[in-house]
Amino acid sequence: MAEPWRDRARRAVEWNWRLRSAGDPRPHYVVCGKDALAYYVARAMLESELPTGGARVTVVVPERYRSNGPDVAALRGVRVVRSDRLDVDTFEAAGLAGAAGLALLNQDDVGNLHAALCAQAVDQRVRQVVRMFNGTLADGVRKLLKAPVEVLSDAEMAAPAFVAAALNEVDPSSFQHRDKTLRVARRADVRPQDVVCALAHLTEAQGVELLPAEQAGADLVLAEATGQPPGTEVAARRLVRARRRRRPVAVLLGAVRGFATRKIGIAVMLVLALIVVLGALISRAENVSPLEALYLTLVTTLSGADPDTGKPADAQIMQVVLNLAGLALIPLITAVVVDGIVNARLALHTGRLQPARAGHVVVIGLGNVGTRVMAQLREYDVEVVAIDKDPEPRGAALARQLEVPLIVGDAALPETLVAASVADCQALVVASTDDVANLEAALTARDLRNDLRVVLRFFDGDFAERVEETFALGVSRSVSYLAAPAFIGALTERAVITTIPVDRHALPVAEVPVAAGSELDGRPLDVVNRDGQVRLIARTPAGGGKTIWWKDLDPRQVIFAGDRLTVVARRRGLDWLTRQCAPPAHPGPVVRPAGSVHGGVHTPAAALPSVPSQAGSGVGAAHPVPAAGEVPSTTNGGQPDELELTRRHDGTGEVS
């Protein structure tokens, strides 16, 4: 039978790639995955301006799959290999032997481990970046694999951003580098002497301005941790104190209200009211004390009374009605008890037997991200209620360990959200892996409470942008976007220390070594800082000297080969700095700048121009970095500066 035309076309494309890659000096990277994280990593590798002129990227995806967001196989410029198994044959077909790096980004810890072992059999020297959720398994992989490997958890990186958004605070992430511990904070929450650099200026008119030139006016800063708790921890403590002041009577009444159905409760209340009225009338007619009247009423209601024809007609009528009320009360009491027992058993099975709560946080979806968010909130002692369709989701065991109630049900149904007391909660974090289900749950929650703070997880960037513009549901976060810079840095062997989420952006913190003969070798430090792109915060001299931090950095100090520069940068700025610190393609004598050097401080000659600026010539001329607000001009129609929320001309978008 003739070969289908689709297979013939695919084979032709793969053969052309083999011919084109022969003798190609660009590094080759293999990306295995089908979700948004694989898309962002592959796209960033295609757009990266490495010293060799870019990279070749091969993506391995299943034969048939449905992308829940941006499609990595649809990226222009990648080679696509379709296979349902990541085995030796697949990696050989992908050209893994001799590749610069391999990214295993499927959401399957065991599957990624098996793929890493198969890749090691193909090439033991290839650098592997593995996505894993299980921390114990990740530690074992680092120890057992012979190949250079980096194991990362995207959920662990992104969870602080969800927690901060739920508590209406800035991201509580902190990191330690060398001898300092740094954290993200609002400028008003830290002392001026502890500010390392400005991260962002937030304005409603212009949006977010990253790494602004005006340091003093920035709203968000990177600061040294000096014992003061971060804003998120302060907000959590405030929430816990408010919860402890709740009135116990209100909680008890809420529990009683949830014991039986509303109709049965109303019927019981009406019958009891009738009995009280008739008891009062009988006590007046019999002219007895209140205690005796209570005794007569209870005996008449519950057991009936002996007939007495000598009583007045009105007393006989009240006695008959009271007996009838007693006949109705006994079945109602039985119904309440039976209904309560049945509801309790069903609620225990589905997790719906919950007392009324207030000031807690509801987390929908106990997958990788939801489990991390739940755990971090409990570390702050914030009360959490979890909702999931699956009776045994990934985070069920941890939820039981942390004593977090798990409600099994569809979060899009009002009764499920009512069981979790969503109307009285502090925030709702919707972290499931289905965009449509997340949107339905958010809309249903807003019907219960208009001013509810909602934190949404979305995969499709264009969908997220349109939802925010149309419905104004709250804050949206993309786990893949927040974690992508760390995976990219590990894949390209950049020392990415951490990633700082800022609104819908992510700023990597990286340590870049300066190679001998590079563009920055012999240049002063002030050429590193570029407004809107790169901000230098520390320098570690060659030979392992003591790190010089921002307070003691002199912009006139000369950069030498072997120095390590610690920077906060945008992705495009980090690409530029990597090129400037890379060794030259054709090694030659190192040209030092004219002028004298005294004590490591460069003094330029009077006849020479000053240090080139961002728009000038010199270091920045060969690889210019666009200033803030500019759009770089490229041959593919102008790619965005970084993974920002952008509606592209081809209809795709990114969630930041």
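The values are calculated or read from the model by the stated rules, or taken from the named source; none is laboratory data. As the structure is a computational prediction, the values presented were derived from the model and not from experiment. Ideal geometry is used to build each Cβ from the backbone, glycine not excepted, and the neighbour counts take in all protein chains shown. Surface areas here come from the heavy atoms of the whole protein model, side chains and all, with no ligands, DNA or RNA. Shrake-Rupley method; radii C 1.70, N 1.55, O 1.52, S 1.80 Å.
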Between Ala273 and Asp381, Cβ-based FRET efficiency (R0 51 Å, step 0.05) works out to 0.70
Solvent-accessible area per residue, Å², over region 395-544 with all protein chains present [probe radius 1.4 Å]:
33
The orientation-averaged projected area of the Cα convex hull of region 22-132, in nm², is 6.5
Peptides ranked, highest mean first, by Cβ atoms within 10 Å: ranges 358-364, 25-31
358-364, 25-31
By the mean-Cβ-within-10 Å protection proxy, highest first, 479-491, 533-545 rank as 479-491, 533-545
Taking a quarter of the surface of the convex hull around the Cα atoms of region 68-185, what do you get in nm²?
10.2
Candidate residues Asp563, Asp314: accessible-area rank, largest first, probe 1.4 Å
Asp314, Asp563
Whole-Hz couplings from phi, Karplus 6.51/-1.76/1.60, listed for region 550-566; x for Gly and Pro:
4, 5, 10, 6, 9, x, 8, 5, 8, 8, 10, 4, x, 5, 10, 9, 9
Give me, ordered by chain and number, the residues 5 or more places off Val129 or on other chains with an amide H under 5 Å from its own placed amide H.
Leu102, Ala103, Leu104, Glu150
For region 369-379, Karplus-derived ³J(HN,Hα) couplings (6.51, -1.76, 1.60; θ = phi - 60°; whole Hz; x for glycine and proline) come out as 6, x, 5, 5, 4, 4, 5, 5, 5, 5, 4
Expected vector for region 437-445, Karplus 3J(HN,Hα) from phi with 6.51, -1.76, 1.60 and θ = phi - 60°, integer Hz, x for Gly and Pro, equals 5, 4, 5, 4, 5, 5, 5, 5, 5
With a ≥ b ≥ c from the Cα gyration tensor eigenvalues, square-rooted, and the rule rounded for a/c under 1.5, otherwise prolate when a/b > b/c and oblate otherwise, region 395-521 is prolate
At 7 Å along the Cα-to-beta-carbon direction for both Asp179 and Ala397, put a label point, then send me their distance in nm to one decimal.
4.3
Go through 161-170, 74-83 and give me the packing order, highest mean Cβ count within 10 Å leading.
161-170, 74-83
